[in-house]
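The values are calculated or read from the model by the stated rules, or taken from the named source; none is laboratory data. Treat the numbers as computed from the prediction; the structure is a model and nothing was measured. Backbone-built Cβ (ideal geometry, glycine too); neighbour counts: all protein chains shown. To get the accessible areas, we keep the full protein, side chains included, count just its heavy atoms, and leave off ligands, DNA and RNA. Shrake-Rupley method; radii C 1.70, N 1.55, O 1.52, S 1.80 Å.
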Amino acid sequence: MFGNTKSTARREEIRKNRPDAGITFMTRMRAEGMLVSLAVAVVFCIAATAILVMREDVVHYRPGEWTTHDIVARVDFPYRDERLLNAAHEVARNSQPRIYRQVQPDIWKSIEDELLALPDRVKGMTLVELPQELGAILDAGSLAKLQEFQAAPQRQEYEQSVHSYVDSIRQLNLIILPEDQRKEDLTRIISVIANNVNTPIRTEASTFNLKMADEIATRFLLPAQRNFTLALQSKVVALTKSRLGITYTLDEAATTKAKNDAEASVSPNAGDLVKAANTPIVKVDPGGGKISEEDWILLKAENDEYLRKLGPARLAQRAGLAGVAILLTFIMCVYTATFQPKIVRNHARAIAIAVLLLSMMLLATVAALSSNSLYLFAVAPTILVAMILSIAYNQRFALGLATFHAILVTFAIDADLSFLLILESGVVVACFLLDDLRTRSKLIEVGGLTAMALIVATSAAGLLSFDPLQYIARQCLYAGAAGLAVGFVVLGILPFIEKAFRITTNMTLLELADASQPLLRRLAIEAPGTYNHSLQVATLAEEAAEAIGANSLLCRVASYYHDVGKINKADYFVENQSNGENRHINLSPSVSLLIIIGHVKDGLELAREYNLPTSIFPFIQQHHGTTLVEYFYQRACDTCTPDQPDVSETQYRYPGPKPKSREIAILMLADAMESAARTMSEPTANRIESLVHEITLRRLQDGQLTECDLTMRDLERIERSFAKTLMGIYHGRIAYPSTSALASSSAQTEPPAAKTA
C-alpha cells in the first residue's frame, strides 16, 4: 500500500512537470512567429479562392482563336444583337425631325421700317438723284406719289397701309431657310418653332430659299393691292423682294437633344434575341474557322446563362476550387518553410510575397475575363513573379513558387495543359538565367531569352493542336512580347522590388562600390588611413568569399563602408594619426574605450543618413562581434592598484552582436588580419601564415564564429586565401641604390611615437 502511494505521488509529480502538448505547440508557434504567418496563409487561401471563382465568367474561347468544330449552345439563352439595337437607335434618331427657330431680328420688321422711312428718303429728289437701289425700282409716278405722303394727313394714311401690308405678310408665315439646310431636309418633315408653337411641316411643300425670291414675291401681290395705290403696288413688292432674308434657321442644340431623347426612348430589349439549346453558336467550315468578336459575345452570353441555370452544381464547383486553393496554398507554405524558413518569421516578406502572387494572379484573371489574348496579359504576370522572386531570393525558391503560381493561373483562367507548359517554359528560363544581376542589360537579355522560350513553346502547342500557321504566328508574337515586356518592367520597378523585399541587388552594390559615392569620398578625405585600410580589407574579404562560395561582391562593398563611423573621430584611430600624435595619451582607458567602440554606432547613423541599403547595416554593426579591445583593456589592467578590484574583461568588449552570416564573419577576420599584418616588420610567408592561423584560432576560441554558418573546411580555405592575398600585398621588394639611403635616413629620423601609435 505504501509502495502504491509512492508510485502515485511520482506519477502526479511527472504530470505536474509535464507541459501540456497543445499549450507547448501554441507557445512555440507564437514564439517563432508562425501564428502571423499562418494568418497570412489563410488570407492568401481565401483570396486565391475568390480569384479562382472568377474563372466561371471566363469564356474558354478567345476572338481570333482557331476552332476545328462547331460550338453548340448548352442551354437556351437570350443575347443582345448590337447591330439590331444600333439600327433601332439609328431609326429613332432619323425619325426625329430637325428643329428650326425664327431668326432674330425679325426680317419683316426691318422691311417695315424701310418702307416707313421711304417717303423721307426720296424727299425733294428727282429720279436721277435717287440712290441706285431705289432708282432701279421707282419710276416718276411712284416717286411723285411717295413725295405726296410727306404731309401729315397723307403720311398717316401711308404708314397705316405699310403696317397693314407687313401684317398681311406676317400672316403668310413664310419659311425661308438657308439653301444648304433646306436641301438636306428637302424630303423630310421638319419641326418649326414660332411663338413657342412647334409645327411639323414638309420641307419641299412649305419652305423656300432665297433662290425662290420670284415665287415668294408673288405672294406679296395681294397684300400690296389691298393696301397701296396702283402706282405703288408693284414697287412695294419689288422693294420687299430685294430685302428678303432667312426667316428660320436650324437649332443645333435643340435638334441634338431631341434626337438623343428619341434614341433613349428605344427599349433596351430592342436588340434582344433568343438562341435555342443544341444549336450552333459558332459554325465553321470543315477545315476550321476563326472566332470573331461577335462570336465571342454570343459565347459570353451563353456562358452567363449556363452558370445561372447550374443551381447547386455551381456550389459544388466552387467547393472544388476552394479545395484546389487549399491544397496549393499548403504546398507553397511547406515549400517556403523548407527552403526559405526565414520568411516564416519575417512577416513583412511573407505579406509581400502573398501580395505579389495574388495581384499577379488577379491581373491574369481579369485579362482572361475580357476578349484580350491570353498569350500576352495572362503569361506576363507569372513571368514577372518568377523574375522578382529570383532577384529577391534564389533560383530554386523562385522556380518553385512561380510554378505553383502558374498552376493557379491555369486554373483561374480555365486554360488547358498546353498553356501551363508554355508558362512553365518561361518560368524555367527566367529563373535559371537570373543567377547574378550585375548589369541592367542582364534583365533585357533574360527577357529576350524568355521570350524566345515562350515562342518555341507556343509554336509547339499550336502545331500539336493543328492550328493554322497564321494563328500560331500571332500567338507567338503575343507570347514573345510578354516575355520581353516583363524584362523592361522589372528593370523599371527594380528599386521598388529592393525596398519591398529589403534586398540589395548586385547592381546596387556595384553602384555603391563607386569611389565617387558621397560617403566614400568623405571617408577618403576625412579619414584617409581608414579608407586605405578599408580598401585592403575589401581585397582580403572578396578573395576569401570567392574561396568558399560566399557573396564576394557583398563582402567587398560592405568592407568599403564597415568603418565609416571613424569619420566623426578620425584622429583617435591609429591609422589616421600622423606626426607621432596619439590622442589617447591623456585619456583614461575607459574614455578611450567609449571612443573606439563608438565608431560602430556612428557608422550605423551615417549609413542611415546616406541611405545605404539595409544589407550593409549588419556588417557595420557586427564586424567586431563581441571581441575584446585588447590595447585599452591592457592599459586598464596596468593602471590597477592592489586597493582597486580587477578590471572586468566584459567591460572592454564590443557590444556585438556576433556575426550572423558567413560574409560578416569573413569581414571580421579580414579586418583583424589587415590590421595585424601592418604591424609586422618583416612580413615573410611563414610569418603571415602563422599570423593568419593564430588570429583565426583566437576568434574561434573566443566564440565569435558560433552564430554563423562557417565550417572548419571553410575556415581552412579562408586562411589559405588570406595568406595568399597578404603575401601579394606585403611581398618583399629589392632595395634600389637610389632609394636605400633615403629609406634608412627616414627610418632614423622617424619619431618613436609614430611607430608605436
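I want to confirm something. Restricting to region 676-717 and keeping residues that are touching an Asp or Glu at 6+ places or on another chain (Cβ under 9 Å) and closer than 17 Å to Ile666 by Cβ, which single residue is most open to solvent (accessible area, probe 1.4 Å)? It comes out as His693. Among residues of region 390-404 that are modelled with pLDDT of 95 or more, those with a beta-carbon under 7 Å from a residue that is of a type in the set (D, E, K, R) at least six positions away or on a different chain give the pairs Thr403/Glu424. Tell me yes or no: at least one residue of region 158-175 is among the basic types (Lys, Arg) and either open to solvent by 60 Å² or more (accessible area, probe 1.4 Å) or within 60 Å of the chain's Cα centre (by Cα) (or both). Yes: one or more hits. Of all residues in region 319-370, those satisfying the criterion of being crowded, with 16+ Cβ neighbours inside 10 Å and either of a type outside the set (A, V, I, L, M) or outside any helix (DSSP H, G or I) (or both) are Thr329, Cys333, Tyr335, Thr336, Gln340, Asn346, Arg349, Thr365.
Summed over region 498-538, the residues that are open to solvent by 60 Å² or more (accessible area, probe 1.4 Å) and touching a residue at least 60 places away in the same chain (Cβ under 8 Å) give a count of 3.
Going by the conditions given, is Leu421 open to solvent by 60 Å² or more (accessible area, probe 1.4 Å) and in contact with a helix residue (DSSP H, G or I) (Cβ under 7 Å, 6 or more places away or on another chain)? So Leu421 passes the test. Scanning region 41-83 for residues that are assigned to a helix (DSSP H, G or I) and open to solvent by 70 Å² or more (accessible area, probe 1.4 Å) returns Val42, Val43, Ile46, Glu82, Arg83.
Can you pull out the residues in region 424-444 that are in contact with a Ser or Thr (Cβ under 9 Å, 6 or more places away or on another chain), acidic (Asp, Glu) and surrounded by fewer than 20 Cβ atoms within 10 Å (Cβ to Cβ)? If the condition is that a residue be in contact with a Ser or Thr (Cβ under 9 Å, 6 or more places away or on another chain), acidic (Asp, Glu) and surrounded by fewer than 20 Cβ atoms within 10 Å (Cβ to Cβ), then Asp435 is the only one that fits. Just one of (1) in a helix (DSSP H, G or I); (2) among the hydrophobic types (A, V, I, L, M, F, W, C); (3) open to solvent by less than 60 Å² (accessible area, probe 1.4 Å) fails for Val489. It is (3).
Ala313 meets the stated requirement of being small (Gly, Ala, Ser) and either open to solvent by 50 Å² or more (accessible area, probe 1.4 Å) or farther than 17 Å from Leu389 by Cα (or both). With respect to (1) open to solvent by 40 Å² or more (accessible area, probe 1.4 Å); (2) under 26 Å from Glu716 (Cβ atoms); (3) small (Gly, Ala, Ser), the lone exception for Ala541 is condition (1). Exactly one residue out of Ile585, Ile596 is touching a residue at least 24 places away in the same chain (Cβ under 8 Å) and either within 50 Å of the chain's Cα centre (by Cα) or more than 20 Å from Glu663 (Cβ to Cβ) (or both), and it is Ile596. Would region 629-647 turn up any residue that is open to solvent by less than 40 Å² (accessible area, probe 1.4 Å), under 30 Å from Asp514 (Cβ atoms), touching a residue at least 24 places away in the same chain (Cβ under 8 Å) and not charged (D, E, K, R)? Within region 629-647 (the criterion being open to solvent by less than 40 Å² (accessible area, probe 1.4 Å), under 30 Å from Asp514 (Cβ atoms), touching a residue at least 24 places away in the same chain (Cβ under 8 Å) and not charged (D, E, K, R)), the answer is no, since none of the residues qualifies. Of all residues in region 391-416, how many are more than 15 Å from Ala378 (Cβ to Cβ) and in a helix (DSSP H, G or I)? Summing the residues that are more than 15 Å from Ala378 (Cβ to Cβ) and in a helix (DSSP H, G or I) in region 391-416 gives 11. Within region 242-251, the set of residues being open to solvent by 30 Å² or more (accessible area, probe 1.4 Å) and assigned to a strand (DSSP E or B) comprises just one member, Thr249. Of all the residues in region 194-213, those that are open to solvent by 30 Å² or more (accessible area, probe 1.4 Å) and among the β-branched types (Val, Ile, Thr) number 2. Look at (1) without any contact (Cβ under 8 Å) to a residue 60 or more places away in the chain; (2) open to solvent by less than 80 Å² (accessible area, probe 1.4 Å); (3) over 17 Å from Ala238 (Cα atoms) and you find that Thr187 fails only one, number (2). Taking the criterion of being open to solvent by 50 Å² or more (accessible area, probe 1.4 Å) and among the basic types (Lys, Arg), the residues of region 252-299 that qualify are Lys257, Lys283, Lys290. Of all positions in region 652-661, none carries a residue that is touching a Lys or Arg at 6+ places or on another chain (Cβ under 7 Å) and open to solvent by 50 Å² or more (accessible area, probe 1.4 Å).
Looking only at region 339-361, which residues are under 14 Å from Ser37 (Cα atoms) and over 19 Å from the mean Cα position of the chain (by Cα)? Quick ask: steps written out before the conclusion?
Looking only at region 339-361, we keep the residues that are under 14 Å from Ser37 (Cα atoms), and these are 340-355.
Once the filter is applied, which keeps residues that are under 14 Å from Ser37 (Cα atoms) and over 19 Å from the mean Cα position of the chain (by Cα), region 339-361 yields Gln340, Pro341, Lys342, Ile343, Val344, Arg345, Asn346, His347, Ala348, Arg349, Ala350.
Could you look through region 500-514, keep only residues that are assigned to a helix (DSSP H, G or I) and of a type outside the set (D, E, K, R), and pick out the one that is nearest to Asp436 (Cα to Cα)? This residue is Asn506. With respect to the conditions (1) open to solvent by 50 Å² or more (accessible area, probe 1.4 Å); (2) under 18 Å from Ala670 (Cβ atoms), Asn586 falls short on a single one, namely (2).
The one condition from (1) over 60 Å from the mean Cα position of the chain (by Cα); (2) outside any loop (DSSP other than H, G, I, E, B); (3) surrounded by 12 or more Cβ atoms within 10 Å (Cβ to Cβ) that Gln150 does not meet is (2). Just so you know, in region 167-200 the residues that are in a helix (DSSP H, G or I) and of a type in the set (A, V, I, L, M, F, W, C) include one that is nearest to Ala254 (Cα to Cα), and it is Leu172.
Residues in region 214-234 that are of a type in the set (A, V, I, L, M, F, W, C) and surrounded by 14 or more Cβ atoms within 10 Å (Cβ to Cβ): Ile216, Ala217, Phe220, Ala224, Phe228, Ala231, Leu232. Pairing each residue of region 191-209 that is charged (D, E, K, R) with any residue that is assigned to a strand (DSSP E or B), provided the two are 6+ apart or on different chains, yields C-beta distances under 9 Å for Arg202/Ile189; Arg202/Ile190.
Taking the criterion of being of a type outside the set (Gly, Ala, Ser) and either open to solvent by less than 30 Å² (accessible area, probe 1.4 Å) or modelled with pLDDT under 90 (or both), the residues of region 405-418 that qualify are His405, Leu408, Val409, Thr410, Ile413, Asp414, Asp416.
Restricted to region 88-140, and to residues that are of a type in the set (D, E, K, R) and under 60 Å from the mean Cα position of the chain (by Cα), which residue is surrounded by the most Cβ atoms within 10 Å (Cβ to Cβ)? Top of the filtered list is Arg98.
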